[in-house]
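Report on the following structure.
The values are calculated or read from the model by the stated rules, or taken from the named source; none is laboratory data. Keep in mind that what you see is a predicted model, and the values were worked out from it rather than measured. Methodologically, a virtual Cβ is constructed for each residue, glycine included, from the backbone with ideal geometry; neighbour enumeration extends over all protein chains shown.
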Amino acid sequence: MNDFLRVVIGSNKDVPKDVPKDVPKDVPKDIPKDVPKDVTKDVTKDVTKEKRLQTILKIISKNKSISTKEMAKLLNVTMRTIMRDIEILREKGKINRTGGRKDGYWKIIEK
C-alpha cells in the first residue's frame, strides 16, 4: 500500500519515525511539516474561482447585457468578487465591455 492510500484510509502502519514531535495531532504523520494546514481551503478557493469564471462566461453568452449586480445575485457572491472576476477575464482576453453601464453589452472574445 502506498503512502497516499495509507493517509486516505487512515492506517498509520509504517509511519516514518523521523516525524517531528511538534507536528499538530490533526496532521497525518507522513505529510511534511512545511505543508500549510489550510492547503485544502486554498485549493478549494482556486477551484471555485475557476468554476465561477466559467459560469460568468456562460451567463454572458446567454445574456450579453447582464449587469455585474445581476451576476453577483445569480452567483451568490459580492459585487467586489464579480468585479475581480471580470478583471481576471479581461486580463486573460476572454471578455470585453462595449458601451456604457446602462446601454452596454458584454462581448466574449473567441481565440
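Key figures for this structure:
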{"quantity": "Residues within region 82-111 that are in contact (Cβ under 8 Å) with a residue 12 or more places away in the chain and of a type in the set (S, T, N, Q), tallied", "calculated": "1"}
{"quantity": "Residue count, region 84-96 (criterion: in contact with a helix residue (DSSP H, G or I) (Cβ under 8 Å, 6 or more places away or on another chain) and more than 18 Å from K51 (Cβ to Cβ))", "calculated": "1"}
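Matching residues to (1) modelled with pLDDT under 95; (2) under 17 Å from the mean Cα position of the chain (by Cα); (3) not in a helix (DSSP H, G or I):
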| position | (1), (2), (3) |
| --- | --- |
| R52 | yes, yes, no |
| I60 | yes, no, no |
| K69 | yes, no, no |
| A72 | yes, yes, no |
| E87 | no, yes, no |
